[in-house]
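Following: one structure in structure tokens, then a few remarks.
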Amino acid sequence: MVIQKSILSIFLSLMIIAVAAQQLTLQERLGYSRETKLVILHADDIGLAHAQNMATIYAMENGSVNSGSIMVPSPWFFEIASYAKAHPAADFGLHLTLTSEWSLYKWGPVSARREVPGLVTDMGYFHNNNAAVVKNASPQEVEIELRSQIERALKFGIDVTHLDTHMFCGVVDPGFLSAVVKLGHEYKVPVLLNHESMKKWLDIDLKNSVAKNELMVDNLYMAFPEDYAKGMENFYTGVLKSVKPGLSCILMHTAYDGQELRGVTGDNIGYGAAWRQDDFNFFTSSACKKLIAEEKITLITWREIRDKLLR
């Protein structure tokens, strides 16, 4: 009887520990207190242009940006891959790319075009919008191409810390999302996902998808044209002041506004050269650093999340 009571006591203790572990917040799983405001300041589109690379490197070395994602098919990939290899502690993930949106500046797949015919136009480049990719490409083609991008990054010496997708194309279709999540598991890296933002922006309910049990950021922030019209400093100041305990990720595009980038983005105002310069200006400013300190924000990288939770 005594032995049975001891066994029951041990069993109940283990159950209590298991339940408590399931109730830990993401911050607590990472070794922080429940009230910690964890934020990733994440620069997209690295590799797009020399101006994008140089501005983002500066923002990571001298500003507040602490993470970024690289576009493997883009023309200036080799430059940023060389930097990433020489700076292995830097937090670089992959901005997995299935679209080529600019009118006069194009790229295509890393894999052989014959293997992914649905991903390319008659001219051999990626389609310029998500709808065309969903209409023409299969999930199998998407997985082939995205795997090729990951393998190319690894071959060039990039220690990939996470995955996200350019223009969110990798998550707009259930089959595409399944492929991205599968690759995240295979390469043991987190995938950038957030329930609320993707439901609001893309009308995708991740809670009922293959991604429902995946690691999620609690809040995902990105400026849209209406935010840009009101001023980027106003937008990002408001975001930093509104951050709540949990894991938040702020997406931006840091680049230098000049002849090169204007040639890339053309006359587009949305995410154009001037917009990207404004992003750079804010996230390299003393005002940004001051706000982070005042709001008691703790910056965290995808590398830390990857290494603590997935490896």
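Data table
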| quantity | calculated |
| --- | --- |
| Residue within the range 136-151 that is surrounded by fewer than 16 Cβ atoms within 10 Å (Cβ to Cβ), modelled with pLDDT of 95 or more and under 22 Å from Ala43 (Cα atoms) present | yes |
| Complete set of residues in the range 58-92 that are closer than 28 Å to Leu291 by Cα, over 16 Å from the mean Cα position of the chain (by Cα), buried (at least 21 other Cβ atoms within 10 Å of the Cβ) and hydrophobic (A, V, I, L, M, F, W, C) | Ala59 |
| Odd one out for Met167, checked against (1) part of a helix (DSSP H, G or I); (2) surrounded by fewer than 22 Cβ atoms within 10 Å (Cβ to Cβ); (3) in contact (Cβ under 8 Å) with a residue 12 or more places away in the chain; (4) over 18 Å from the mean Cα position of the chain (by Cα) | (4) |
| Scope the range 24-51; condition under 16 Å from the mean Cα position of the chain (by Cα) and not β-branched (Val, Ile, Thr); matching residues | Leu38, Leu41, His42, Ala43, Asp44, Asp45, Gly47, Leu48 |
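The values are calculated or read from the model by the stated rules, or taken from the named source; none is laboratory data. None of the values given here were measured: they were computed from a predicted structure. We place every Cβ from the backbone using ideal geometry, glycine too, and count neighbours over all the protein chains shown.
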